[in-house]
Amino acid sequence: MRRRAAEHRRPVRRRFSYWIWALFGLFSVASLVLLVVNHNQHEDRVEQPVLERYTRLEQVAHESLNFTEEILSARSFSRQLAEQMTLAKAYVIIAKEHNNLHLAWELSSKIRSCQLVLSTAAMRGEPVTLEEAEPIIKSLSYLILRAEDAHYDIATTIMTMKSHIQALEERANAAAVQSMVFGQLAAESLPKNLHCLNVKLTADWLKKPSLQQHAKEKRNSPRLMDNNIYHFCIFSDNVVATSVVVNSTVSNADHPKQLVFHIVTNGINYGTMQAWFQSNDFKGSTIEVQNVEELSWFNASYAPVVKQLLDADSRKYYFGGYQEMDVVPKLRSPKYQSLLNHLRFYIPEIYPQLEKIVFLDDDVVVQKDLTPLFSLDLHGNVNGAVETCLEAFHRYYKYLNFSNPIISAKFDPQACGWAFGMNVFDLIAWKKANVTARYHYWQEQNADGTLWRMGTLPPGLLTFYGLTEPLDRRWHVLGLGYDLNIDNRLIESAAVVHFNGYMKPWLKLAIGRYKPLWERYVNQSHPFLQDCVTS
């Protein structure tokens with residue numbers, strides 16, 4: 001009767017073991033089914049066929065043993081031990097669920113013994129021997145048969161395993177979100193030494209009327225509107241980062257005195273920026289600092305983005321915390337609340353007399369002379385940018401909601417994305433194409449946030465669609481703020497390297513391999529910076 005009952009249970013157990021394999025995903029279906037068939041034999045048959053199959057194990061040379069191949073070999077004891085251990089781990093969980101703690105403890109003990117044998121074999125570079133494997137195979141086979149005979153109907157077991165997997169997935173997702181939140185907070189936080197520098201520079205600006213007078217005189221310099229020289233714009237509230245952009249640009253320029261930098265910052269950092277750039281020399285280049293709050297035309301009645309950012313729901317979205325797990329934390333970054341982040345769409349309004357300008361983000365480092373950018377033929381296009389669609393995930397469909405007919409009717413989902421951070425803008429072509437009005441249109445269409453989530457790149461892709469000239473990839477290399485494996489040759493050949501990502505070079509969490517590229521352009525000799533670093 002007992003033999004007949006065992007034979008009756010056999011197909012159910014085969015299916016059960018198949019589900020275990022599917023849930024754990026560790027070994028092939030055929031191997032695990034073979035393992036369960038072996039376990040389904042009666043106790044008095046456990047010791048014979050399983051072990052006898054491996055008595056003719058061929059010898060493997062110690063010095064050439066590949067343990068990965070060994071554990072995958074159908075003829076090795078390592079393979080059988082690993083499969084038994086996998087099945088036993090599943091039964092440990094189920095036994096605990098049914099409060100059979102003694103069986104769970106016995107299984108766990110044998111699992112540890114199995115792990116010890118496998119790790120010892122791997123360390124010495126030799127296959128597991130029959131003498132090592134035999135006692136563990138016997139005892140684990142016996143315990144697994146006990147687990148199968150003692151309980152658990154297959155439906156309950158599968159549901160139990162599914163619930164465990166779901167719980168693990170939820171924990172993993174929560175941990176991923178928390179990690180992104182912490183990374184975002186770290187990236188947005190101002191280090192103490194930079195905060196110290198801001199305080200000292202602001203105090204210096206307020207105490208020295210001569211600095212203020214000098215800045216006022218520079219506002220009327222004819223060089224600020226001279227289209228025969230080279231103009232760059234930077235919109236930032238980070239004085240050290242902006243200084244690195246300027247310093248690296250002039251240090252690698254053939255004629256630094258022919259460069260003009262137009263910097264726009266916010267009211268809080270206006271004095272800081274002015275004090276720093278008035279008290280440092282940048283090889284004779286001209287530097288203008290403006291306060292975004294003094295751009296009176298940049299208001300809610302003219303710019304839809306200003307109206308949207310002043311909206312109560314929008315502010316709640318950005319500053320209401322990270323409780324909603326379905327929202328990607330980086331999309332709730334307060335940087336999107338900064339008007340500085342959106343000024344790139346209003347460059348002709350800020351500099352109405354200029355014809356061509358290069359836009360630089362504050363997290364870039366310039367490594368080569370950028371003045372050849374101004375002689376590039378953009379073929380009538382407005383925006384010269386490096387495309388980023390070498391990887392498939394940088395195409396339009398990844399940034400925009402193509403389920404919306406407004407988007408799907410006008411844009412190719414496979415169109416190539418491009419990068420903000422180093423862009424050449426033909427401001428004559430910009431005005432001719434009325435690009436700012438196009439930007440306003442798309443901002444108004446996205447008032448409910450259904451066309452894209454957040455940021456400036458998605459509306460940029462829409463605004464400059466059909467108006468972007470692809471540049472040679474070497475002009476702009478991205479990823480130094482998140483990618484650990486950028487080819488050194490690519491970095492060395494780049495005119496501009498971009499620390500886009502959380503790991504900004506001025507933070508402790510910066511990628512150490514790339515940080516020297518940025519640090520070499522920090523003015524470490526400035527007394528304020530020295531005081532703040534040592535304090």
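The values are calculated or read from the model by the stated rules, or taken from the named source; none is laboratory data. These numbers come from a predicted model, not from an experiment. Reconstructed Cβ throughout: ideal geometry from the backbone, glycine too, with neighbour counts over all protein chains shown. These area figures cover heavy atoms from the full protein model, side chains too; ligands, DNA and RNA do not enter into them. Shrake-Rupley method; radii C 1.70, N 1.55, O 1.52, S 1.80 Å.
Brief remarks follow.
- Helices (runs of 4 or more DSSP H) fully within segment 476-535 that include at least 2 residues being open to solvent by 20 Å² or more (accessible area, probe 1.4 Å), under 24 Å from Asn341 (Cβ atoms) and among the acidic types (Asp, Glu): none found.
- Subset of segment 118-134 [touching a Leu at 6+ places or on another chain (Cβ under 7 Å) and crowded, with 20+ Cβ neighbours inside 10 Å]: Leu118, Pro127, Val128, Ala133
- Tallying residues that are under 30 Å from Pro304 (Cβ atoms) and either touching a Leu at 6+ places or on another chain (Cβ under 6 Å) or hydrophobic (A, V, I, L, M, F, W, C) (or both) within segment 459-482 yields 7.
- Sole residue being surrounded by 15 or more Cβ atoms within 10 Å (Cβ to Cβ), of a type in the set (D, E, K, R), under 29 Å from Ala241 (Cα atoms) and assigned by the TED database to the domain that holds Ala303, chosen from Arg395, Arg453: Arg453
- Within segment 410-432, being open to solvent by 10 Å² or more (accessible area, probe 1.4 Å) and aliphatic (A, V, I, L, M) holds for Ala415, Ile428, Ala429.
Okay, residues lined up against (1) closer than 22 Å to Val199 by Cβ; (2) assigned to a helix (DSSP H, G or I); (3) touching a residue at least 60 places away in the same chain (Cβ under 8 Å):
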site: Gly267; (1), (2), (3): yes, no, no
site: Gly271; (1), (2), (3): yes, yes, yes
site: Ala275; (1), (2), (3): yes, yes, yes
site: Lys283; (1), (2), (3): no, no, no
site: Val289; (1), (2), (3): yes, no, yes
site: Glu293; (1), (2), (3): yes, yes, no
site: Trp297; (1), (2), (3): no, no, no
site: Ala300; (1), (2), (3): no, no, no
site: Gln308; (1), (2), (3): no, yes, yes
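- Test: Leu168 is open to solvent by less than 80 Å² (accessible area, probe 1.4 Å), part of a helix (DSSP H, G or I) and at pLDDT 75 or above: no
- Residue check for Phe402: among the aromatic types (Phe, Trp, Tyr), assigned by the TED database to the domain that holds Tyr502, open to solvent by 30 Å² or more (accessible area, probe 1.4 Å) and within 24 Å of Glu444 (Cα to Cα): yes
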